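Structure record follows, encoded as structure tokens.
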Amino acid sequence: MNQTLSSNPTSLPAVRYVALIPAAGVGARMGGGTPKQYLQIDDQPILRHTVQAFLLAKQIAHTYVVVSAEDGYVDAALSGMENVSILRFGGATRRDTVSNGLAALAAQLSVDDWVLVHDAARPGLTPALITHLIQQVGEHAVGGLLALPVVDTVKRVVAGRVETIARDGLWLAQTPQMFRYLILSDALAAASEVTDEASAIEAAGLIPLLVEGHACNLKVTLPADLALAQRYLSGSMG
């Protein structure tokens, strides 16, 4: 496994699509003392499943995992994996972690290279979904993201009152969120509080493309999500 940016210098000038996985979070809603990206599914850490999808996607030139400087799990979790670099520049928020990772790659990527930012705790991502996103985005000027159209009736509680929200046009954002390097870097630099990369892109006045994803690409957030993710990974759910 490549531990530093200089470990694979000959391939970097040809990079067209790279994966950037922010993995500096602690996953407080899962409980326990282990960050959720290192919890086990089928005897492998969630993060390893996540990275494997990118390693199997032929379009991805390299995968970068951004962790906190004090992370003591990542080396064992990704042991033996090739074409992966660990960047120990994680920040206090997702935005900070992604921004720091992009800054670390400034000399390695061109302004128009594509960066696919993906949640560390979405282990159900498949190479087919990565290919689908890349193909659908094509040469879009900005980029796009996987998302699911809302199919259930949506309720909102305001001051104790329940309201029904029209679901027409509503989508649930997933990842990867794929944007050109310079556009994404500039958008994040200008953003103050955003929960995903697309929010920063939108705040910059740009319009990302929504590409329909799949339920298998769920984010492991609560303990019950582990069992569901395992079912998708085992192929027991369509």
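Since every read-out is calculated from the coordinates, none of them should be taken as a lab result. Please read all numbers here as calculations on a predicted model, not as lab measurements. Here Cβ is always computed from backbone atoms with ideal geometry, including for glycine, and neighbour counts include all displayed protein chains.
In terms of packing, defined here as the mean over residues of other Cβ atoms within 10 angstrom, the peptides 122-135, 146-159 line up highest first as 122-135, 146-159.
Enclosing the Cα atoms of the chain in their convex hull gives a volume equal to 143 cubic angstrom per residue. Under the simplified labelling scheme, the Ala76-Glu212 pair shows an inter-label distance of 4.3 nm, with each label point 7 Å from Cα along Cα→Cβ.
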